[in-house]
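Have a look at the structure below, then the notes.
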Amino acid sequence: MRRITALVIGLALMAVTLGATAARADRFIVRFDPAFPEAARQALVARFGARMERDLPLVDGKAVSLPAPAARALAVQRGVRFVEEDVRVYAVADETPWGIQRMGAPGAWSQSVTGAGVNVAVIDTGIALGHPDLAVEGGANFVAGASGYGDDNGHGTHVAGTIAALANGAGVVGAAPAARLYAVKVLDASGSGYLSDVVAGIQWCLANDMDVLNMSLGANSGTQTMKDAVDASYGAGQLLVAAAGNSGNPAGKGDNVGYPARYESVIAVAASDVNNKRASFSSTGPAVELIAPGVNIASTVPGGYATNSGTSMASPHVAGAAALAWAANPALTNSEVRGILQSTAQNLGLPQTYQGHGLVRADLAVAAALPVVPPETGDIQGTVTSADTGAPIAGATVTVGTAGPTATADANGAYTLAGVPVGTHSVTASARGYESASASVSVLANVTATQGFVLTPATVPVLKKLTVAVSAGGPYNANDVVKVTVTVTDSQGGVGGAAVKLAIVNPSGQKVAAGSGSTNDQGVASFSWKSKRNDPKGTYKAVADVTKEGYEPASGEASFELR
């Protein structure tokens, strides 16, 4: 409880009262002395400019709205015990069990996917009908002597809650709370049943368009009938998820995955604990496809809620994730949903025989399953013309942004930019010999925007001229060092910092040496070349090419004799 105990007296109280109408009003509860008369209470509240919200005679109080400074002043008045904030209260939210959190289901919900439209069959002991946290759409009973598909054991109800307990503000919430839940009762009150009942249940699922079948049940050995049934279901487009079994040992050794999880057409789910380790009881082997939370899992049971452990508790996490992925993209096939669950699973660093592809991640699966929606686009069209003549500029380039769609203007200067994403873009037109021009263009979906460009001819810089003088001396004999001097000048004298490339060309016109350098402040660059004994005799050339920013390129040459 926060009580307002500020001390305010005299003129300070008056200042607070007079200024109260300009301040933001908050809600407070004023508690009065029991002996303080009602008329005095009303007068005091009115004196402070408070708006009455509710009378609270049970506690000798009134709920009022007034600015916080006025509330602090009111708190110290005679007849007032205290003033406290009228705090807001909220409905208690569902508990999200740790397994639902760990598998990333809330991340799937944040993508507006909760399993709507997907039929999930719980092939188990039935589901408790009338449980406030479960909406059972229908089902069937295949257990002799049972009165219906209600749950007389509790196992199936617990499994169902992990898959699709409602997000209704009470109890727990399942992985896919909007999925359509069906009870297929094949196990009796003791939790056991016949293979024929399971096969009949699968047959019912085929006839009633179930999408995901969860089987938190198993046997130590397989049969041809069981294999044929699950293969037929998978071949018809259904996705089957089953508990890997609780026959594992603490050492994690051996191949002990049960049936039907062991079959290729069924996703075998192992169990992990809160530390992302394999539960010691979880069966192991190469048939394990995914791992999911299976230790101390809170879920629904007949009459309430309970915590259970087992691969039976892990399997419905994967079934729920499958429902979410399928709801995200109903066009997917069962094998595509299965592939997404595998490819988005989180590697826990456990052996493959413990975890298969890894921990099921519904959030990542949904993100991968959601269909790629192409961005909305529009077009931009217009013409590019010259500012000085008004003539179209054929071959001009028009580009969106720095790397967006690009178009080239035709002979009439017309261009069209197709498939430009909706939004406001900077569009630039450019052409050789012209200054570029840009404009901000707003693009609407399926609408063609018009934007013309008028380009100004580029200003051609006036380059100064260079004079290049080359001297090479001579004549030279074999093995002599030839000294070449390049002098670069303009109308003002020597030009420093000019780049000089020098080549020595023999009498046959072949380049026999090359070098580069820069002129000094006097415009001079010096080079040397040592001739060889077997160099041909005759007239050689020293050719210099010179460049400098702001000048036209220039060249010069000189001849020398080698004898």
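Summary table
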{"quantity": "Candidate set: region 454-481, residues that are over 30 Å from D388 (Cβ atoms) and of a type in the set (A, V, I, L, M); chosen: the one farthest from the chain's Cα centre (by Cα)", "calculated": "A478"}
{"quantity": "Single residue of region 62-74 satisfying the filter (surrounded by fewer than 21 Cβ atoms within 10 Å (Cβ to Cβ) and of a type outside the set (K, R)) that is nearest to P34 (Cα to Cα)", "calculated": "A63"}
{"quantity": "Filtered residue count, region 333-373, keeping only those that are of a type outside the set (S, T, Y) and within 21 Å of S110 (Cα to Cα)", "calculated": "20"}
{"quantity": "Qualifying positions in region 467-482 - over 19 Å from A498 (Cβ atoms) and either of a type outside the set (A, V, I, L, M, F, W, C) or part of a loop (DSSP other than H, G, I, E, B) (or both)", "calculated": "G473, G474, P475, Y476, N477, A478, N479, D480"}
{"quantity": "Pick from region 120-133, criterion surrounded by 24 or more Cβ atoms within 10 Å (Cβ to Cβ) and not β-branched (V, I, T), ranking: nearest to Q203 (Cα to Cα)", "calculated": "A121"}
{"quantity": "Residue match in region 468-477 (condition: outside the structural domain of T519 (by TED's automatic domain parsing), surrounded by 12 or more Cβ atoms within 10 Å (Cβ to Cβ) and touching a Phe, Trp or Tyr at 6+ places or on another chain (Cβ under 9 Å))", "calculated": "no"}
{"quantity": "Strands (runs of 3 or more DSSP E) wholly inside region 208-310 that include at least 2 residues being crowded, with 24+ Cβ neighbours inside 10 Å and not acidic (D, E)", "calculated": "212-215, 239-243, 266-272, 288-293, 297-301"}
{"quantity": "In region 80-119, residue modelled with the lowest pLDDT [restricted to those that are touching a Gly at 6+ places or on another chain (Cβ under 8 Å) and not small (G, A, S)]", "calculated": "V92"}
{"quantity": "Residues that are free of Cβ contacts under 8 Å to residues at least 60 places away in the same chain, part of a strand (DSSP E or B) and of a type in the set (A, V, I, L, M), drawn from region 408-462", "calculated": "A414, L417, A418, V420, V427, A429, A437, A439"}
{"quantity": "Output for region 487-501, where each listed residue is assigned to a strand (DSSP E or B) and either under 59 Å from the mean Cα position of the chain (by Cα) or under 17 Å from D535 (Cβ atoms) (or both)", "calculated": "A499, V500, K501"}
{"quantity": "Test: N249 is touching a Phe, Trp or Tyr at 6+ places or on another chain (Cβ under 9 Å), of a type in the set (S, T, N, Q) and more than 18 Å from P316 (Cβ to Cβ)", "calculated": "yes"}
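Per-residue answers, yes or no, for (1) touching a Ser or Thr at 6+ places or on another chain (Cβ under 7 Å); (2) in contact (Cβ under 8 Å) with a residue 60 or more places away in the chain; (3) not assigned by TED's automatic domain parsing to the domain that holds G104:
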site: L239; (1), (2), (3): no, yes, no
site: Y259; (1), (2), (3): yes, no, no
site: R262; (1), (2), (3): no, no, no
site: A270; (1), (2), (3): yes, yes, no
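The values are calculated or read from the model by the stated rules, or taken from the named source; none is laboratory data. Quantities reported herein were computed from a predicted structural model and do not represent experimental measurements. A quick note on method: Cβ atoms are made from the backbone with ideal geometry, for glycine too, and the neighbour counts reach across all protein chains shown.
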